[in-house]
Amino acid sequence: MIKKGCLDIVQAKCENCMDCALGATRHNVVFSDGNPETAKIVLIGEAPGETEDETGTPFVGRAGKLLNQFLEEAGISRQDDLYIINTVKCRPPENRVPTDVEKSMCEKYLTAQIDIMNPQAIIFCGATALKSFRNEKKIQISKVRGQWFDVEVNGKSYRAMAIFHPSYLLRNHSMEDGSPRRLMQQDLAEIKSSILGNSSSNPFDKEMAFV
Ligand code: URA
């Protein structure tokens, strides 16, 4: 319970945060999901959407449900293997991309979560999360996804990978070789085998009815 206790302290601060304008419009701070004591991987998304704002839990709307399907297919347990967080903890109005001010005001919570978790790997889910840690202006998820790189957070280096955001996959249904959904399957299989061990059956053998 050591990590959970430290994270609870950060969460209590975050829940009272009014450091940017999003504090005035949120219904709930969306702090995290998953078991911090068992998770080896921190997965970072962009920001809460409407369902997340209503429930206080990240990735529970349409995109989250699709993410769940991919995770399940890859044999990655959302509850035990991942600690899921967002770059920004409060919902931006109309689901717009968070501003630089909103991201910088939230950075202290994000880096504290990573510090406390000390994960074996960080997964950046989509461009907003990736760009918070790699500030090459023109970096594209489609060019860097699926490749391991090192990222430094508060002076500590972590293994990291970027993957597509599930919202992008909701708009791209193809399961052809090389399609975004196929690449997502490949990337999660690589994460599973490199970080969690390859105990489950080959995900490519299974037929999944994706939404
Ligand atoms: N998209 C995100 O990036 N995070 C969520 O929590 C939900 C949707």
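The values are calculated or read from the model by the stated rules, or taken from the named source; none is laboratory data. Not measured: the values here are computed from a predicted model. A quick note on method: Cβ atoms are made from the backbone with ideal geometry, for glycine too, and the neighbour counts reach across all protein chains shown.
Structural remarks
- Scanning region 77-87 for residues that are buried (at least 23 other Cβ atoms within 10 Å of the Cβ) and either more than 12 Å from the ligand (Cβ to nearest atom) or of a type in the set (Ser, Thr, Tyr) (or both) yields LEU82, TYR83, THR87.
- Taking region 108-189 and the strands (runs of 3 or more DSSP E) fully enclosed by it, the elements with 3 or more residues that are away from the ligand (no atom under 16 Å from the Cβ) are at 149-153, 156-163.
- A count restricted to region 37-73 and to residues that are more than 10 Å from the ligand (Cβ to nearest atom), at negative phi and in a loop (DSSP other than H, G, I, E, B) stands at 4.
- Scanning region 8-36 for residues that are surrounded by 14 or more Cβ atoms within 10 Å (Cβ to Cβ), polar (S, T, N, Q) and either part of a helix (DSSP H, G or I) or in contact with a His (Cβ under 7 Å, 6 or more places away or on another chain) (or both) yields one hit, GLN11.
- The residue pairs whose first member lies in region 171-187 and is more than 15 Å from SER142 (Cα to Cα), whose second member is crowded, with 17+ Cβ neighbours inside 10 Å, and whose beta carbons are closer than 7 Å, counting only pairs six or more residues apart or on different chains, are SER174/ARG181; MET175/ARG181.
- Matching residues in region 133-152 - criterion: being in contact with a strand residue (DSSP E or B) (Cβ under 8 Å, 6 or more places away or on another chain) and closer than 20 Å to CYS106 by Cα: PHE133, ARG134, VAL151, GLU152
- Within region 37-54, the set of residues being surrounded by fewer than 16 Cβ atoms within 10 Å (Cβ to Cβ) and either modelled with pLDDT under 95 or among the β-branched types (Val, Ile, Thr) (or both) comprises THR38 only.
- Some residue of region 102-111 being touching a residue at least 12 places away in the same chain (Cβ under 8 Å) and among the small types (Gly, Ala, Ser): no
- Residue pairs whose Cβ atoms lie under 6 Å apart, sitting 6 or more positions apart in sequence or on different chains, and linking a residue in region 13-36 that is within 12 Å of VAL88 (Cα to Cα) to a partner that is β-branched (Val, Ile, Thr) and part of a loop (DSSP other than H, G, I, E, B), are CYS14/VAL29.
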